[in-house]
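Undergrad: Pasting a structure here, questions to come.
The values are calculated or read from the model by the stated rules, or taken from the named source; none is laboratory data. Predicted, not measured: the structure shown is a model, and the values here were computed from it. All Cβ positions, even for glycine, are placed from backbone atoms using ideal geometry, and neighbour counts span all protein chains on display.
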Amino acid sequence: MDYLDHLEAEAIYILREVAGQFEKPALLFSGGKDSITLVHLAEKAFRPGKFPFPLVHIDTGHNFPETIEFRDELVARLGEELIVGYVQESIDTGKVVEQKGKNASRNPLQTVTLLDTIAKHGFDACIGGARRDEEKARAKERIFSVRDEFGQWDPKRQRPELWNIYNGRIHKGENVRVFPISNWTELDVWNYIRRENIKLPSIYFSHERDVITRNGQLMAATEFLNLDHEDVIEYRKVRFRTVGDMTCTAAVPSEAYHIDDIIEEIRLSKISERGARMDDKVSEAAMEDRKKGGYF
Amino acid sequence: MDLLKFITAGSVDDGKSTLIGRLLYDTNSVLDDQLEAIQRANRKNNDGTLDLAILTDGLKAEREQGITIDVAYKYFQTEKRKFIIADAPGHIQYTRNMVTGASNSDLAIILIDARKGVVEQTRRHSFIVSLLGIPNVLVCVNKMDMVDYDQAVFDKIKTDYERLAQSLRIKQIDYIPVSALKGDNIVTTSINIPWYQGRPLLDFLETVQIDHASDNKQARFPVQWVIRPQTQALHDYRGYAGRVVGGTFEVGDRVVALPSGFSSIVSRIELANNDLNTAPEGASVVIHLADDIDISRGDMLVKQDEQPAVSQRFEAEICWMDTRPLDLNQFYLLQQHGKTAKVKIQDVIYRVNVETLQQSAAAELDLNDIGKIQFKSADPLAFDSYVSNKANGGAILIDLRNNLTVAALMITEPVD
């Protein structure tokens, strides 16, 4: 088998293990290319049957409109259930407080909304599209990653994970985060998207839009960014390499209109995918700290 | 393009993480923003060069202590191959994490510090590599720069390792003298080691042939999930979803469902609405049978003339991975693929002293102990020996009190 066949077969196997081992799993869907790839893999794993889990989107309210439009079309085509957890609701009920200032982002608030959504629906497993090549803390995480009743990851006490045997047994209140594409690289995902002809939101491809430069990164000019007189708006040709919400995802200048261009661009890139994520730049251990707190 | 999965193992401070950092760095797999992060962290070696170990030590606790606690997976590719590295901890306390990394590797790089030679951790790691059935070992004698690139040092270590390997089940062993810190024999041939005629490490990794011994494996298909849409249009649809873990299935094969023993014929194989004629080892597919027989998750389809042992009692090699010792009065949960069954360990047949590789009688097994046991299962299980088919000869034990994975089992044979 070709390596893409191998990665696909492994991911399908993991998705079916989730279906077999858990009573109330969910697939965390962000509208990004990795979770879109997961949905495609779920179709391969379970069709012509229904998915044994709903899609769950943690909505910061600061999304790219293109992503939400794409999400709704995808869900309509699939005929599967979509559950949305709103960060706005967590703010309105006083569970979290909105950050202030120029670099305010709702990204860190998501964790609370995520954990509340998990508790509200009683999810015992959450499938996510994280990959080990993205970030050095993720490089350490098991494919079945157990979270305690506070949603926390304990990197020093991970269960041994042998061969393709995944131990998903947990106590009530705990949950397992499952990462079926752990072993895929960014380039693998793009090659797979090309091979399978998977549709993506338009913002992954080069387009023209208003941007500003903040902390050396190109950010989409939007009301969510608390723009002031120091921000100079430019009309530039850009695309997004990774898609989070508008306050933490930076654009890259790009002429890549087609998937072949994107693959070539990534192959030659000297910057990592998460180099365009403001949320990872907070500190050396930003991702590890967020995971310990219950993040995806 | 094919994929090579390898593990790196060695004693604390043998320079494993540095070796991987060097491989990534010298193959241009480290990107600018990651390099900047290393520079910001400002961790330097004694000679002022960048400490590349920080590329793989992904946890705060690891960076603080300068040790590897858990496996880090790293990905890189060259023109010739794709690689997945499992960077495993060397410290004895984290042996179970090394076992995790070893279980999915095709090749093991064992690092030996040229100044220290073969030490206890070398023996332990080599024994685990052998136990887990990794066919190829590459011994990298590291820190050659600190012994003046002396051939006699390398030859002595090679002789010592060959002696150790005589009592192990490793098919192919190769040796390379390197300095991960200086880059000798990593990507390019070292001018400091003219007496070494072989290939540098990267060249070796790009071209090494792995003997998977998979050619004559028997066909096995553990069922993970039954697809039954029960809609009007697909009223009679019933597909068995799973992954082939040995051999090949073809439409028309006469198969038996285990443990029930009912037989039928493969009428259709599909993947995402595409009909296939065959499903090779490793493929995730949906299989349909000509007859409606009772099959559910945990059952296994096999070819009628290639059946594994079905029994409630087996002997197995075991690696104990929990701080709480093996308790002969306790039920454990055995998991093989998606199949689970309660088991009782009836006997510890022996424990292995990994320093001498001698077997001796033992009443219990503690953290990191390796030995052999006999167990009895509440339900019949279908196992191959681990040596003949890793994917259908391995299992884990789960402690039902805390749900932790406490042991790895490598099945040797059924007991009548």
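Undergrad: Six or more apart or on different chains, Cβ atoms under 6 Å: show the pairs whose first residue is in the stretch A:80-99 and assigned by TED's automatic domain parsing to the domain that holds A:Ser30 and whose second is part of a loop (DSSP other than H, G, I, E, B) and surrounded by fewer than 16 Cβ atoms within 10 Å (Cβ to Cβ).
TA: Once the first residue is assigned by TED's automatic domain parsing to the domain that holds A:Ser30 and sits in the stretch A:80-99, its partners that are part of a loop (DSSP other than H, G, I, E, B) and surrounded by fewer than 16 Cβ atoms within 10 Å (Cβ to Cβ) give A:Val87/A:Gly61; A:Gln88/A:Gly61; A:Ile91/A:Glu98.
Undergrad: Oh, and also: In the list B:Phe375, B:Phe314, B:Phe383, which residue meets the criterion of being outside the structural domain of B:Gln224 (by TED's automatic domain parsing), in contact with a helix residue (DSSP H, G or I) (Cβ under 8 Å, 6 or more places away or on another chain) and aromatic (Phe, Trp, Tyr)? Break it down into steps so the answer makes sense when it comes.
TA: Values: B:Phe375 fails: in contact with a helix residue (DSSP H, G or I) (Cβ under 8 Å, 6 or more places away or on another chain); B:Phe314 fails: in contact with a helix residue (DSSP H, G or I) (Cβ under 8 Å, 6 or more places away or on another chain).
Result: B:Phe383 is the single residue among B:Phe375, B:Phe314, B:Phe383 that is outside the structural domain of B:Gln224 (by TED's automatic domain parsing), in contact with a helix residue (DSSP H, G or I) (Cβ under 8 Å, 6 or more places away or on another chain) and aromatic (Phe, Trp, Tyr).
A quick yes/no check of all residues on (1) crowded, with 23+ Cβ neighbours inside 10 Å; (2) within 14 Å of another protein chain (Cβ to nearest Cβ); (3) closer than 17 Å to A:Arg177 by Cβ:
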{"site": "A:Leu4", "(1), (2), (3)": "no, yes, no"}
{"site": "A:Val18", "(1), (2), (3)": "yes, yes, yes"}
{"site": "A:Ala45", "(1), (2), (3)": "yes, yes, no"}
{"site": "A:Pro54", "(1), (2), (3)": "no, no, yes"}
{"site": "A:Gly61", "(1), (2), (3)": "no, no, no"}
{"site": "A:Gly79", "(1), (2), (3)": "no, yes, no"}
{"site": "A:Ile83", "(1), (2), (3)": "no, no, yes"}
{"site": "A:Ile91", "(1), (2), (3)": "no, no, no"}
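Undergrad: Next question. Within the stretch B:371-406, which residues are in a strand (DSSP E or B), within 29 Å of B:Asn216 (Cβ to Cβ) and within 14 Å of chain A (Cβ to nearest Cβ)? Reasoning before the result, please.
TA: First, pick out the residues of the stretch B:371-406 that are in a strand (DSSP E or B): B:371-383, B:394-399, B:405-406.
Next cut, within 29 Å of B:Asn216 (Cβ to Cβ) only: B:372-375, B:377, B:379-383, B:394-396.
Those that are in a strand (DSSP E or B), within 29 Å of B:Asn216 (Cβ to Cβ) and within 14 Å of chain A (Cβ to nearest Cβ): B:Leu381, B:Phe383, B:Gly394, B:Ala395, B:Ile396.
Undergrad: So which residues in the stretch B:304-343 are within 14 Å of chain A (Cβ to nearest Cβ) and among the charged types (D, E, K, R)?
TA: B:Glu317, B:Asp322, B:Arg324, B:Lys339, B:Lys342
Undergrad: Quick check on my filter: what residues within the stretch A:169-194 are closer than 30 Å to A:Asp260 by Cα and either among the small types (Gly, Ala, Ser) or facing chain B (nearest Cβ under 7 Å) (or both)?
TA: A:Ser182, A:Asn183, A:Thr185
Undergrad: For B:Ile345, indicate whether it is closer than 21 Å to B:His125 by Cβ, β-branched (Val, Ile, Thr), outside the structural domain of B:Ser130 (by TED's automatic domain parsing) and outside any loop (DSSP other than H, G, I, E, B).
TA: Values: closer than 21 Å to B:His125 by Cβ: no; β-branched (Val, Ile, Thr): yes; outside the structural domain of B:Ser130 (by TED's automatic domain parsing): yes; outside any loop (DSSP other than H, G, I, E, B): yes.
Taking the combined requirement at face value, the residue does not satisfy it.
Undergrad: Could you name every one of the strands (runs of 3 or more DSSP E) located completely within the stretch B:200-267 that has at least 1 residues being among the polar types (S, T, N, Q) and in contact with a Gly (Cβ under 9 Å, 6 or more places away or on another chain)?
TA: Details: elements: B:220-227, B:239-243, B:254-258.
Hits in the stretch B:200-267: B:220-227.
Undergrad: For the stretch A:20-32, give me each residue that is away from every other protein chain (no Cβ under 14 Å) and either at pLDDT 95 or above or closer than 15 Å to A:Phe179 by Cβ (or both). Break it down stepwise before answering.
TA: Here is the first cut: in the stretch A:20-32, the residues away from every other protein chain (no Cβ under 14 Å) are A:24, A:26-32.
Listed by number, the residues that qualify are A:Lys24, A:Ala26, A:Leu27, A:Leu28, A:Phe29, A:Ser30, A:Gly32.
Undergrad: If only one of A:Gln152, A:Gln99, A:Gln110 is more than 9 Å from every other protein chain (Cβ to nearest Cβ) and in contact with a Pro (Cβ under 9 Å, 6 or more places away or on another chain), which one is it? Working first, answer last.
TA: Details: A:Gln152 fails: in contact with a Pro (Cβ under 9 Å, 6 or more places away or on another chain); A:Gln110 fails: in contact with a Pro (Cβ under 9 Å, 6 or more places away or on another chain).
Answer to the selection: A:Gln99.
Undergrad: Looking at (1) within 21 Å of the chain's Cα centre (by Cα); (2) more than 29 Å from B:Ile84 (Cα to Cα); (3) of a type outside the set (A, V, I, L, M, F, W, C), which one does A:Glu149 not meet, given that it meets all the others?
TA: So A:Glu149 meets the others, but not (1).
Undergrad: Counting only residues that are modelled with pLDDT under 90 and among the polar types (S, T, N, Q), which one in the stretch A:95-151 is surrounded by the most Cβ atoms within 10 Å (Cβ to Cβ)?
TA: Result: A:Gln110.
Undergrad: Which count do you get for residues in the stretch B:228-241 that are at the interface with chain A (Cβ under 7 Å from one of its Cβ atoms) and closer than 22 Å to B:Lys303 by Cβ?
TA: Residues in the stretch B:228-241 being at the interface with chain A (Cβ under 7 Å from one of its Cβ atoms) and closer than 22 Å to B:Lys303 by Cβ: 1 in total.
Undergrad: Quick check on my filter: what residues within the stretch B:77-96 are in contact with a strand residue (DSSP E or B) (Cβ under 9 Å, 6 or more places away or on another chain) and more than 9 Å from every other protein chain (Cβ to nearest Cβ)?
TA: Within the stretch B:77-96, B:Arg81, B:Phe83, B:Ile85, B:Ala86, B:Ala88, B:Pro89, B:Gly90, B:Thr95 meet the criteria.
Undergrad: Read through the list (1) away from every other protein chain (no Cβ under 14 Å); (2) of a type in the set (Ser, Thr, Tyr); (3) touching a residue at least 40 places away in the same chain (Cβ under 8 Å), then give the number of the only condition that A:Tyr166 fails.
TA: (1)
Undergrad: Related question: Just to be sure before I move on: is B:Val415 more than 11 Å from every other protein chain (Cβ to nearest Cβ), more than 26 Å from B:His125 (Cβ to Cβ) and of a type in the set (Val, Ile, Thr) in the structure I sent?
TA: On the way: more than 11 Å from every other protein chain (Cβ to nearest Cβ): yes; more than 26 Å from B:His125 (Cβ to Cβ): yes; of a type in the set (Val, Ile, Thr): yes.
Taking the combined requirement at face value, the residue satisfies it.
Undergrad: Answer with yes or no whether A:Met246 is part of a loop (DSSP other than H, G, I, E, B), in contact with a strand residue (DSSP E or B) (Cβ under 6 Å, 6 or more places away or on another chain) and within 30 Å of A:Gly101 (Cα to Cα). Lay out the reasoning, then the answer.
TA: Details: part of a loop (DSSP other than H, G, I, E, B): yes; in contact with a strand residue (DSSP E or B) (Cβ under 6 Å, 6 or more places away or on another chain): yes; within 30 Å of A:Gly101 (Cα to Cα): yes.
For A:Met246, the condition - part of a loop (DSSP other than H, G, I, E, B), in contact with a strand residue (DSSP E or B) (Cβ under 6 Å, 6 or more places away or on another chain) and within 30 Å of A:Gly101 (Cα to Cα) - is met.
Undergrad: Is it the case, given these coordinates, that B:Asp106 is within 14 Å of another protein chain (Cβ to nearest Cβ) and surrounded by fewer than 19 Cβ atoms within 10 Å (Cβ to Cβ)? It would help to see each step written out before you state the result.
TA: Values: within 14 Å of another protein chain (Cβ to nearest Cβ): yes; surrounded by fewer than 19 Cβ atoms within 10 Å (Cβ to Cβ): yes.
For B:Asp106, the condition - within 14 Å of another protein chain (Cβ to nearest Cβ) and surrounded by fewer than 19 Cβ atoms within 10 Å (Cβ to Cβ) - is met.
Undergrad: Having 2 or more residues that are crowded, with 17+ Cβ neighbours inside 10 Å and among the acidic types (Asp, Glu) is the bar; report the strands (runs of 3 or more DSSP E) wholly within the stretch B:282-336 that clear it. Spell out how you get there, then give the answer.
TA: Values: elements: B:284-289, B:300-303, B:309-320, B:331-336.
Qualifying strands (runs of 3 or more DSSP E): B:309-320.
Undergrad: Here is a check on your reading of the model: is B:Ile157 away from every other protein chain (no Cβ under 14 Å), touching a Gly at 6+ places or on another chain (Cβ under 9 Å) and at pLDDT 95 or above? Break it down into steps so the answer makes sense when it comes.
TA: Working: away from every other protein chain (no Cβ under 14 Å): yes; touching a Gly at 6+ places or on another chain (Cβ under 9 Å): yes; at pLDDT 95 or above: yes.
So B:Ile157 fits the description; yes.
Undergrad: Assigned to a helix (DSSP H, G or I), more than 9 Å from chain B (Cβ to nearest Cβ), in contact with a Pro (Cβ under 6 Å, 6 or more places away or on another chain) and surrounded by 20 or more Cβ atoms within 10 Å (Cβ to Cβ): does that describe A:Ile36? So that I can check it myself, show each step before the final result.
TA: Working: assigned to a helix (DSSP H, G or I): yes; more than 9 Å from chain B (Cβ to nearest Cβ): yes; in contact with a Pro (Cβ under 6 Å, 6 or more places away or on another chain): no; surrounded by 20 or more Cβ atoms within 10 Å (Cβ to Cβ): yes.
Answer is no for this residue.
Undergrad: Can I ask one more? With buried (at least 22 other Cβ atoms within 10 Å of the Cβ) and part of a helix (DSSP H, G or I) as the only criterion, which of B:Thr159, B:Thr68, B:Thr122 stands out?
TA: Values: B:Thr159 fails: buried (at least 22 other Cβ atoms within 10 Å of the Cβ); B:Thr68 fails: part of a helix (DSSP H, G or I).
Sole residue among the options that is buried (at least 22 other Cβ atoms within 10 Å of the Cβ) and part of a helix (DSSP H, G or I): B:Thr122.
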